[in-house]
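The structure appears below as structure tokens.
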Amino acid sequence: MKKEIQSSKIILFDLGNTLENTKKEVLLPGALKTLQATNTMRDSNGRVPILALVSDFDMPESSAQITAIQQRYFDILDRLGIRLFFEPVSKRVTLSTEVGVFKPDKKIFQAVLKKLDGHSSFKNVLFITENLDHVQKARLLKMKAIHFKGPGETSGDVDKLVNLIPLIKKFIEAPP
């Protein structure tokens, strides 16, 4: 009899205009508090959720450019002071740069799961972004998704990042 592997829940954030104001290159209000609170949550089995990032970023002209492009992205995380939430970045950060497609293509979300543990399914993922089209596509893949009203957005399920905290908690505590 094959034993089923239970995976931790995955909280998947977009960076630009979700955690960061890309025009001002600063964290949005409540971003740090939301990441800190999420990092202390546990599911009913005591497992910590996995915090991860998925971002559309520069597309390389050749595979030789990927490492340098990734490093530029990691430098952004360092400047914002949030890299520690996504360590190891080699597993917890997935860029369009390395996958070759932009969100909301299913391949980029599959790459996230493969990098993290290879056992999770989309139903274990809560995706948070300001892009409504990405939210809708993620939901079609059976992910939970929250539309954040980021800078310049006229609507969203949530208009303040700290208001995500109880929603994330509910997702983490829900039975698999």
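The values are calculated or read from the model by the stated rules, or taken from the named source; none is laboratory data. Quick caveat, the model's predicted, so the values are computed rather than measured. Don't worry about glycine lacking a Cβ; one is built from the backbone with ideal geometry, like all the others, and counts go over all protein chains shown. These accessible areas exclude ligands, DNA and RNA; they are computed on the full protein's heavy atoms, side chains included. Shrake-Rupley method; radii C 1.70, N 1.55, O 1.52, S 1.80 Å.
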- Message: Every residue in segment 85-95 that is farther than 18 Å from Thr18 by Cβ and assigned to a helix (DSSP H, G or I), please.
- Response: Ser90, Lys91
- Which one of the conditions (1) more than 24 Å from Pro166 (Cβ to Cβ); (2) modelled with pLDDT of 95 or more does Lys3 fail to meet, given that it meets all the rest? (2)
- Which members of segment 71-84 meet the condition of being in a helix (DSSP H, G or I) and either of a type in the set (D, E, K, R) or farther than 18 Å from Lys115 by Cα (or both)? Arg72, Asp75, Ile76, Leu77, Asp78, Arg79, Leu80, Arg83
- Count - residues of segment 76-95 that are more than 13 Å from the chain's Cα centre (by Cα) and polar (S, T, N, Q): 1
- Query: Given Ala68, Ala138, which one is among the small types (Gly, Ala, Ser), farther than 18 Å from Ile11 by Cα and not in a loop (DSSP other than H, G, I, E, B)?
  - Reply: Ala68
- Which is of a type in the set (Lys, Arg) and closer than 21 Å to Leu35 by Cα, of Lys170, Lys137, Lys114, Lys142? Lys170
- Give the number of residues within segment 40-64 that are hydrophobic (A, V, I, L, M, F, W, C) and part of a loop (DSSP other than H, G, I, E, B). 4
- Message: Against the condition assigned to a strand (DSSP E or B) and of a type outside the set (Gly, Ala, Ser), how does Leu35 come out, does it pass?
- Response: no
- Message: Looking only at segment 138-153, count every residue that is open to solvent by 60 Å² or more (accessible area, probe 1.4 Å), at pLDDT 95 or above and under 16 Å from Glu20 (Cβ atoms) and tell me the total.
- Response: 1
- Item | Set Thr22, Thr38: member being polar (S, T, N, Q), in contact with a strand residue (DSSP E or B) (Cβ under 7 Å, 6 or more places away or on another chain) and open to solvent by 40 Å² or more (accessible area, probe 1.4 Å) | Thr22
- Query: Among Lys149, Lys169, which is within 22 Å of Ala31 (Cβ to Cβ) and touching an Asp or Glu at 6+ places or on another chain (Cβ under 6 Å)?
  - Reply: Lys149
- Query: Limited to segment 110-137, what total is found for residues that are in contact with a Phe, Trp or Tyr (Cβ under 7 Å, 6 or more places away or on another chain) and either surrounded by fewer than 19 Cβ atoms within 10 Å (Cβ to Cβ) or closer than 25 Å to Pro60 by Cα (or both)?
  - Reply: 2
- Item | Identity of the residue in segment 43-88, at pLDDT 95 or above, more than 22 Å from Ala138 (Cα to Cα) and touching a Lys or Arg at 6+ places or on another chain (Cβ under 7 Å), that ends up most open to solvent (accessible area, probe 1.4 Å) | Phe74
- Query: So, in segment 25-35, of the ones that are crowded, with 16+ Cβ neighbours inside 10 Å and among the hydrophobic types (A, V, I, L, M, F, W, C), which residue ends up nearest to Phe171 (Cα to Cα)?
  - Reply: Leu35
